[in-house]
1. Which Rg and Dmax, in Å, describe the Cα atoms of the range 141-180?
2. Residues of the range 92-106 with amide nitrogen under 13 Å from the 7 Å Cα-to-Cβ point of T302?
3. Along the range 221-228, what does the Karplus equation 6.51 cos²θ - 1.76 cosθ + 1.60 (θ = phi - 60°) give for ³J(HN,Hα), rounded to whole Hz, x for Gly and Pro?
4. Which angle between 0 and 90 degrees, to the nearest 10, do you get for helix 15-31 versus the longest principal axis of the chain when only C-alpha atoms count?
5. Determine the distance separating the Cα centre of the range 91-155 from the Cα centre of the range 205-253; give it in Å without decimals.
6. Rounded to the nearest 500, what is the 222 nm mean residue ellipticity of the chain from helices alone, with -39500 (n - 2.57) per DSSP H run of 4+ residues and division by all residues?
7. Please list, ordered by chain and number, the residues whose modelled amide H lies under 5 Å from the amide H of I170; skip anything fewer than 5 residues away on the same chain.
8. Can you check how the C-alpha radius of gyration of the range 110-307 compares to 2.2 N^0.38 Å, as a plain ratio?
Amino acid sequence: MSQSSVILPGSPLAGSAMVGDINAAWAAIISKFSGTVAPTLGPGVAGAVVEGQWWLDTSITPNVLRVFDGASWAALLTIDPTNHVSYPPLSFRNIVGDNGGMEVWQRGAGSSASIAVGASTTAYTADRWYVTTGANQASVIAAVAGLTNGSNLAAKVTRNNAQTGTTAYIFGFPLDTDELARMRGQKVTISAAVKSGANWSPASGTINLDFYTGTGAVGKRGGGFSSETHVATATLNLGTSTQGTISGVGSVVVPTGATQGELQFTWSPSGTAGADDSITIDDVQLEVGVFASQPERPPFETMIRRCKRHYRKTFPYGTAPAQSAGLSGALTTISPSTTSGVATRYEDSIPMRVTPSVTTFNPSTTNANWRNVTSTVDSVVMVDSSGASPERVLITSATSTASAQYMAIHASADAGI
């Protein structure tokens, strides 16, 4: 505008200058109102749009409040004119926030996890995430350095060198009903950061990200859910050794009757795998709203506690569950006599989502039995399932070899979907 923001006594403006000022002022006011098209007028020179200007974008529903950053209209928040709310909420907006950032790796050796998955196998890897491989598709899923600022770890899925299987991979995060309930009746957005390896092989470098829901029992998607709804989809084509962001807005709302769901990446490798036929995934987000907001990063201690509803182990976090992995963290007890066995409760203050299946590990040799540390022999293990619950499982043994013997055993509890 030609007039200073502070009006001082002096000669009046020329008529044309005054009209210019009035027009620019009106443009600034008008630009703050809603509309389906981004404003082209603002309080800048000659009516230009300026940084910090707001626009309520009504071209999509719910509406998006955007702010001009000097070059483009950045999404600020969503306003739902029907339910009279704005979101994302202040926290826990990421529905896959338990481990969307791939920070928790209890099934492996923590931050140095490297989990081998055979061909034609479905197995959990990073907490809450499973992979499905096809024939001749032996793979390794490993914790690697994060792809973005603020990220510690990411998940790298590699088709092993010289493998020839070309079945579509699935890398999925199945959801429990309580997680779906948070999204029912609303549109969602899916997003993630991804990076291809030097030998990334899919045709056109294509990777897909999709969110599905259904109305059946909680479980992995497999061949499809009951009464399935394909809520959101996104596709990205990556060259080799290329990083990008994949995101998509749901085309429909999450059905109000949804009881099962899964967020999953899929890609179809081609030819024979090279040394780095891989995709690295980070900052995965599933959120209520119609734009991809900045990735939410809960503290690690929050994520691992949430993940323990699905899986936990007695081993130190940085030790992969295995037979003969040492005594650190093992459940221990003292045998009372030579005529009775021993028992210990495997329990935690965090209830698991369902009663878990328990796997036992001998701390000192390659079997699943109790280790009598005092006399260096083993005692047959038994898991009492009759009194098991999401909070605790009783692990017992057969008759002890002597009284006052120090007994130890490791265990993992799996309540995964």
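Values in this text are rule-based calculations from the coordinates and carry no lab data. Small disclaimer: the values here were computed from a predicted structure and weren't measured. Using ideal geometry, Cβ is built from the backbone for each residue, glycine included, and neighbour counts are taken over all protein chains shown.
1. 14.6, 42
2. 92-101
3. Whole-Hz 3J(HN,Hα) from phi for the range 221-228: 5, x, x, x, 8, 5, 6, 5.
4. 30 degrees
5. 17 Å
6. -2000 deg cm²/dmol
7. T132
8. For the range 110-307, the normalised Cα radius of gyration comes out at 0.99.
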